[in-house]
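The structure appears below as structure tokens.
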Amino acid sequence: MKDDSLCPKSFLCAFEESRNLPDAVVEICVRCGKKVIYNKGKNGRIDNKKYLRDHRRDFIQPYGEDKKLFIKLWGYKGIETAQRFIDKKKNKVLLKEQRQLLKEKRIWMREKAFRGLGKSKAELTPPKYIKTTGFQKLG
């Protein structure tokens, strides 16, 4: 694969959009001044493969083939930051699953407690709690 993202003044080019014209997008590297033009097609989109080749700095990953380049560019601190971000996302998913399990358990406990009293599913669902600051007027 041809690598168009190499920069003579730094490791990889860091492009910023200069102009967004109706038929093209012009970007310039903030380090070396390299100018890149992406022509827009009939649907107004640019060539994704060329864009990815030029913007390798923006899409580099801390694992797989790009791991060495990532370490060279961002160092090990970048990997730690990326790992914290991944862990944070995983924790959000786990918390959401735990909340759903707790909700299902509450519904099951209410069904067990009100068995035979003709309660509907909506009545058995626990109410949503509203957080207030104490300054709102309720009612």
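For segment 50-67, name all the residues that are under 17 Å from Cys13 (Cα atoms) and of a type outside the set (Phe, Trp, Tyr).
Residues of segment 50-67 that are under 17 Å from Cys13 (Cα atoms), as a first pass: 50-61, 66.
Scanning segment 50-67 gives Lys50, Leu52, Arg53, Asp54, His55, Arg56, Arg57, Asp58, Ile60, Gln61, Asp66.
Identify, by number, the condition in (1) polar (S, T, N, Q); (2) closer than 26 Å to Glu80 by Cβ; (3) surrounded by 12 or more Cβ atoms within 10 Å (Cβ to Cβ) that Gln61 doesn't meet.
Here Gln61 clears every test but (3).
Which of the residues that make up segment 36-58 are of a type in the set (A, V, I, L, M, F, W, C) and surrounded by fewer than 15 Cβ atoms within 10 Å (Cβ to Cβ)?
So in segment 36-58, the residues of a type in the set (A, V, I, L, M, F, W, C) come out as 36-37, 46, 52.
Residues satisfying the conditions are Ile37, Ile46, Leu52.
Would you be able to tell me the number of residues in segment 13-37 that are touching a helix residue (DSSP H, G or I) at 6+ places or on another chain (Cβ under 6 Å) and more than 30 Å from Ile86 (Cβ to Cβ)? Steps first, please.
Keep residues of segment 13-37 that are touching a helix residue (DSSP H, G or I) at 6+ places or on another chain (Cβ under 6 Å), which gives 14, 36.
Subsequent filtering for residues that are more than 30 Å from Ile86 (Cβ to Cβ) retains 36.
Summing the residues that are touching a helix residue (DSSP H, G or I) at 6+ places or on another chain (Cβ under 6 Å) and more than 30 Å from Ile86 (Cβ to Cβ) in segment 13-37 gives 1.
Look at segment 37-79 and say how many of its residues are free of Cβ contacts under 8 Å to residues at least 40 places away in the same chain, under 13 Å from Asp4 (Cβ atoms) and either part of a loop (DSSP other than H, G, I, E, B) or touching a Pro at 6+ places or on another chain (Cβ under 6 Å) (or both).
1
Since every read-out is calculated from the coordinates, none of them should be taken as a lab result. Nothing here was measured: the structure is a model prediction, and the numbers come from that model. Note: ideal-geometry Cβ built from the backbone for every residue, glycine included; neighbour counts use all protein chains shown.
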